[in-house]
Structure formats: C-alpha cells, structure tokens
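Take a look at the structure below.
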Amino acid sequence: TKISGELSGCVEVNGIPGIQTSQGETAPGVFDLLGAIDSPVRDECIVWDTQLNGGVGGPRAIALDPIGRVWVGLRDAQEYWVLDSRDGSIMAGPINVDHDPYGCAITDRGTLWSAATAGYIQYIDTAEEHPGDDNVGPLVPTAGGVYGIATDAAGRVFVSSGSDLSRFTPWNGQWLTG
C-alpha cells in the first residue's frame, strides 16, 4: 500500500468536496485505511494498494531499488515481488528465496540484501528489467538471528542481532563482528 504523506499527492475519488483522509488526533480510525481501494468510504490519500500472493505470505521486507521499483519480501511465502512505485502494478514475481525475508536493503549498485531471523542473508541482483529466480545468490550464514539490515556506499552489509552488530564484505566473504 502506498499512502501519500502530502495532501497534494492525494486523489479525490468519492465526489465529496475536499480530500477525505485520517489526519490529526480526532480523525484516526474514521476511514478504512487498508480496505478496498474502491470503497466509497476510504482514505483518499491511499495512492494504491496491491495484493501479493493472494494476500498470503506476510509482507515484511521492503526497499526501493536505484531505478525506483519497490521490492517486497513476503516472509511466510519466502519470496519477493517487484512493484512499480507509481501505480503499484506488479513488474516481477514471485522471486523465490531460501529464507523468510524479515528485512532488506539495496546497495547503490542495485544489489538487494535480504535478512532472515534464522541467521542468514541472501542477495538478489536487481539490475535486470525483469528479474527472476536466477538472480538470487546463495545463502550466507550470519553470527545470529538478524533483526536489522543496512548497506553502506561501498556495498558492505551491516546486520544487527540482539546486542551484536556485524559487517559483511561481499567481495571477500569476510565478517567483522563487534
């Protein structure tokens, strides 16, 4: 679901003058924020809402690639989907991975690194126009369960697990844990 953070990005759809949206401390809960996009009573700042895998799979990991596509990892389904950020249309997917995506980060060069709470990371090369299963790299074990993931400008991967922070350098396969 893409929700506009600015009223200027909202769309009048119900014929009632002005934008109907949940805002301020008195309005939350008035509109069906995650309901049907064509509902007559819905938040008009919902730009698009795309159901993936029939609504099954638990979307958890999400990131934007360098060309503006939205990558969504479904934790329970162990797959990624690629959406057009402008309209929510499905561009690719499912792309199967060997873990439960809990979080992800994409490098400046377009490598998506996906993290699993079971203690793995795995990459997907996002450079192709229509990526698929053959763009997925091997699992890389971590020192523990992963709860956070980030990348730096050099393309290294940082993961957090409990009280530990670790850095993975993909080009030499080395971990530094502190």
Legend entry - FRET efficiency, Ala150 to Asn14 (Cβ-Cβ, R0 35 Å, nearest 0.05): 0.30
Inset, instruction - Would you mind computing, in nm to one decimal, how far apart the modelled labels at Ile67 and Ile3 are, each placed 7 Å from Cα along Cα→Cβ? - result: 3.0 nm
Inset, instruction - Calculate what fraction, in whole %, of the accessible area of the chain sits on carbon and sulfur atoms when a 1.4 Å probe is rolled over the protein chains. - result: 52 percent
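In terms of the Cα gyration tensor, with a ≥ b ≥ c the square roots of its eigenvalues, is the range 122-172 rounded because a/c is under 1.5, prolate because a/b exceeds b/c, or oblate? Intermediate values should be presented prior to the final figure.
Values: a/c = 2.33, a/b = 1.83, b/c = 1.27.
Since a/c reaches 1.5 and a/b is larger than b/c, the shape of the range 122-172 is classed as prolate.
Compute the FRET efficiency between Ile90 and Phe158 as 1/(1 + (r/R0)^6), taking r as their Cβ-Cβ distance and R0 = 45 Å, and round to the nearest 0.05.
Values: r = 30 Å, r/R0 = 0.67.
According to the calculation, E is roughly 0.90.
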Legend entry - Probe 1.4 Å - accessible area at Tyr120, Å² to nearest ten: 80 Å²
Inset, instruction - Report the residue, chosen from Pro131, Pro94, Pro17, that carries the largest GNM mean-square fluctuation when the chain is represented by alpha-carbon nodes joined by springs under 10 Å. - result: Pro17
Legend entry - Read-out Cα Rg over 2.2 N^0.38 Å, derived from the coordinates shown; its label in [x] 1.17; [y] 1.37; [z] 0.97: [x]
Inset, instruction - Enter the Cα centre distance for the pair the range 54-101 and the range 122-173, rounded to the nearest angstrom. - result: 16 Å
Inset, instruction - Among Gly54, Gly68, Gly148, determine the one that fluctuates most according to a GNM of the chain built with springs between C-alpha atoms less than 10 Å apart. - result: Gly54
Inset, instruction - Please tell me the relative contact order of the chain in percent, rounded to the nearest whole number, where contacts are Cα pairs under 8 Å and at least six residues apart. - result: 12 percent
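With a 1.4 Å probe and all protein chains in place, put Asp100, Asp108 in order of accessible area, largest first.
Final ranking, largest accessible area leading: Asp108, Asp100.
The values are calculated or read from the model by the stated rules, or taken from the named source; none is laboratory data. For clarity, every value in this text was computed on a predicted model and none was experimentally measured. So basically every Cβ, Gly included, is an ideal-geometry build from the backbone, and we count neighbours across all protein chains shown. Note: accessible area is taken over every heavy atom of the protein model, side chains too, but ligands, DNA and RNA are not part of it. Shrake-Rupley method; radii C 1.70, N 1.55, O 1.52, S 1.80 Å.
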